[in-house]
Amino acid sequence: MATAGNSQTILTWSAPASNGGSSVTGYKVYRGTTSGAETLLTTLGNVLTFTNTGLTNGQTYYYKVSAVNAVGEGSLSAEVSAAPATQPTATLNLQATLGTLRLC
């Protein structure tokens with residue numbers, strides 16, 4: 001899962017259903033700005049979350065993750081994407097107008 005924030009994306013995943021007979025020792029995170037064109041971004045220890053910071057707001061980023069054990073690297077996960085963005089700024093030119101109250 002990918003959750004976008006201000007200049008960042010938080011990735012979370014689950015351990016693989018099968019570790020291939022050897023305990024998972026870490027994960028590799030792949031990122032790209034085009035679907036299907038991810039390259040290795042970082043290698044992590046045995047964790048199930050990663051925060052990718054310093055991203056450009058409005059740019060869509062695509063991610064895949066793989067598990068690693070003593071034998072080697074497993075298959076890549078399905079692709080997820082997120083486009084970091086900031087919250088909107090305050091509204092401008094708010095005005096109040098005094099009116100007449102009529103009772104019927």
Where Ala2 falls short, out of the listed (1) surrounded by fewer than 15 Cβ atoms within 10 Å (Cβ to Cβ); (2) under 27 Å from Thr86 (Cβ atoms): (1)
Condition check for Leu76: at pLDDT 90 or above and part of a strand (DSSP E or B): no
Matching residues in region 67-87 - criterion: being within 21 Å of Thr34 (Cβ to Cβ) and crowded, with 18+ Cβ neighbours inside 10 Å: Ser77, Ala82, Pro84
Residues that are assigned to a strand (DSSP E or B), open to solvent by less than 50 Å² (accessible area, probe 1.4 Å) and within 19 Å of Ala85 (Cα to Cα), drawn from region 13-56: Gly32, Phe50, Asn52
Number of positions in region 57-66 that are free of Cβ contacts under 8 Å to residues at least 40 places away in the same chain and open to solvent by 30 Å² or more (accessible area, probe 1.4 Å): 5
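The values are calculated or read from the model by the stated rules, or taken from the named source; none is laboratory data. Predicted, not measured: the structure shown is a model, and the values here were computed from it. FYI the Cβ positions are ideal-geometry reconstructions off the backbone, even for glycines, and counts take in every protein chain you see. Side chains included, ligands, DNA and RNA excluded: accessible areas come from the protein's heavy atoms. Shrake-Rupley method; radii C 1.70, N 1.55, O 1.52, S 1.80 Å.
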